[in-house]
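Take a look at the structure set out below.
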């Protein structure tokens, strides 16, 4: 399960950017073509965040659909897997979205001075 290593990296990156502040919420964007299972990330997040500034944080995940552009006719093609065929018959396509894994947002507790 490579999601464990991925989640450990997400927790490390968010922790570093939080600079010691308590993290309330993390928003991830995971592409449907990325071979990353959002439910596995959710499970691993609870385990990996224990004892860190992310412990108890809400994890939100947006799943980005697969989309490609045909090199022959320029049509946009929805993809369920990382390959496909255009309605013009071409298999020469470029994936535009669906392979990403991004930390889109993080919300931290405001400190009162």
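The values are calculated or read from the model by the stated rules, or taken from the named source; none is laboratory data. Owing to the predicted nature of the structure, the values given are computational and were not obtained by experimental measurement. As a convention, Cβ positions derive from the backbone with ideal geometry for all residues, glycine included, and neighbour counts pool all protein chains shown.
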Sole residue being modelled with pLDDT of 95 or more, surrounded by 12 or more Cβ atoms within 10 Å (Cβ to Cβ) and touching a helix residue (DSSP H, G or I) at 6+ places or on another chain (Cβ under 6 Å), chosen from 69, 48: 48
Only one of 61, 10 that is within 30 Å of residue 109 (Cα to Cα), touching a strand residue (DSSP E or B) at 6+ places or on another chain (Cβ under 8 Å) and crowded, with 20+ Cβ neighbours inside 10 Å: 10
Failed item in (1) in contact with a strand residue (DSSP E or B) (Cβ under 8 Å, 6 or more places away or on another chain); (2) surrounded by fewer than 13 Cβ atoms within 10 Å (Cβ to Cβ), with residue 35 passing the rest: (1)
Filter pass, residue 55 being surrounded by 12 or more Cβ atoms within 10 Å (Cβ to Cβ), within 22 Å of residue 24 (Cβ to Cβ), in contact with a strand residue (DSSP E or B) (Cβ under 9 Å, 6 or more places away or on another chain) and touching a residue at least 24 places away in the same chain (Cβ under 8 Å): no
Unique residue being over 30 Å from residue 16 (Cβ atoms), in contact (Cβ under 8 Å) with a residue 40 or more places away in the chain and either buried (at least 16 other Cβ atoms within 10 Å of the Cβ) or out of contact with any helix residue (DSSP H, G or I) (no Cβ under 6 Å at 6 or more places or on another chain) (or both) when the list is 99, 81: 81
